[in-house]
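The values are calculated or read from the model by the stated rules, or taken from the named source; none is laboratory data. No experiment lies behind these values; they were computed from the predicted model shown. We place every Cβ from the backbone using ideal geometry, glycine too, and count neighbours over all the protein chains shown. Ligands, DNA and RNA are excluded from the accessible area calculation, which covers all protein heavy atoms including side chains. Shrake-Rupley method; radii C 1.70, N 1.55, O 1.52, S 1.80 Å.
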Amino acid sequence: MKESLSTSLVNSIGSNTTECLGNFLELGLDTILEDGLLKEIPFVSTAISIYKIGKSLTDRHNIKKLAVFLNEINQNTANENKSEEYKSKINNDKKKREQELEFLLVILERYIGYEKPAMLAKLYLAYLDKQITWDDLALLAEIVDRFLPGDYATLSTAQMFTTYLGNGDQIMLRLEALGLIIEEKESSPFINTSRGLAITKESLQQARTKKRTYVYTDLGKIIVQLLGRKTLKDGN
């Protein structure tokens, strides 16, 4: 009988799997299906078995994304108390967790690269910690899927973003479309005064430089906070 995803995830959390995951992530895609290592990672081997993941390049890429996801979870459960806490939460309602993990596997398959699976793991842990709801997780996972390279790095660099002469507007507009930032000031030369709309030297200069200022939305603050969480291994 095949092991369930929730059971295999519980069996993959903890120090016994951490070292094996580290070795696994060092493998190239051409050797990713080494039986010895896979048997030591229950969650990965169970997913391969249930979903009939084969030996194609895409399959091996998806397997490595699973390992990245699991490795990030283990990095955040570095002490025994936290590990047992997460195991208890997953075991508490196996049917529900099974459905949730199936959804996460679908999302993982859509992700390109290995940065996003680690992000998804942090969101999942935030959900287990009841920092966010399942609906929140689903929304944030979709947003992560739509990140282009450099989007999150830009988003996490400051609390306010300023562009001039249109430089950087493309990234800002994309992050704004995701609901993560909002433009605070417009580059119009007109400002409100006690006598109505007027143009000042300062407002005209701002309009000429096409200065735009953006700040986080509440959603933007949440995703930066959750994705920026340090691992327990780093002392946090």
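Checked against (1) in a helix (DSSP H, G or I); (2) closer than 20 Å to ALA47 by Cβ, THR154 passes all but a single condition, namely (2). With respect to being open to solvent by 20 Å² or more (accessible area, probe 1.4 Å), out of contact with any His (no Cβ under 8 Å at 6 or more places or on another chain) and polar (S, T, N, Q), ASN92 fits the description. Taking first residues from segment 44-65 that are at pLDDT below 90 and partners that are not in a helix (DSSP H, G or I) and not small (Gly, Ala, Ser), the Cβ contacts under 7 Å between residues at least 6 apart in sequence or on separate chains come to SER49/LYS2; ILE50/LYS2; LYS55/LEU33.
The numbered conditions (1) loosely packed, with under 15 Cβ neighbours inside 10 Å; (2) within 15 Å of the chain's Cα centre (by Cα) are all true for ALA118 except (1). Of the listed requirements (1) open to solvent by 10 Å² or more (accessible area, probe 1.4 Å); (2) touching a Ser or Thr at 6+ places or on another chain (Cβ under 8 Å), GLU19 misses just one: (2).
Yes/no per residue for (1) at pLDDT below 70; (2) more than 30 Å from PRO117 (Cβ to Cβ):
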residue: ARG174; (1), (2): no, no
residue: ILE191; (1), (2): yes, yes
residue: ILE199; (1), (2): no, yes
residue: LEU232; (1), (2): yes, no
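Scanning segment 118-137 for residues that are free of Cβ contacts under 8 Å to residues at least 40 places away in the same chain and either over 14 Å from LEU219 (Cβ atoms) or polar (S, T, N, Q) (or both) yields TYR127, ASP129, LYS130, THR133, TRP134.
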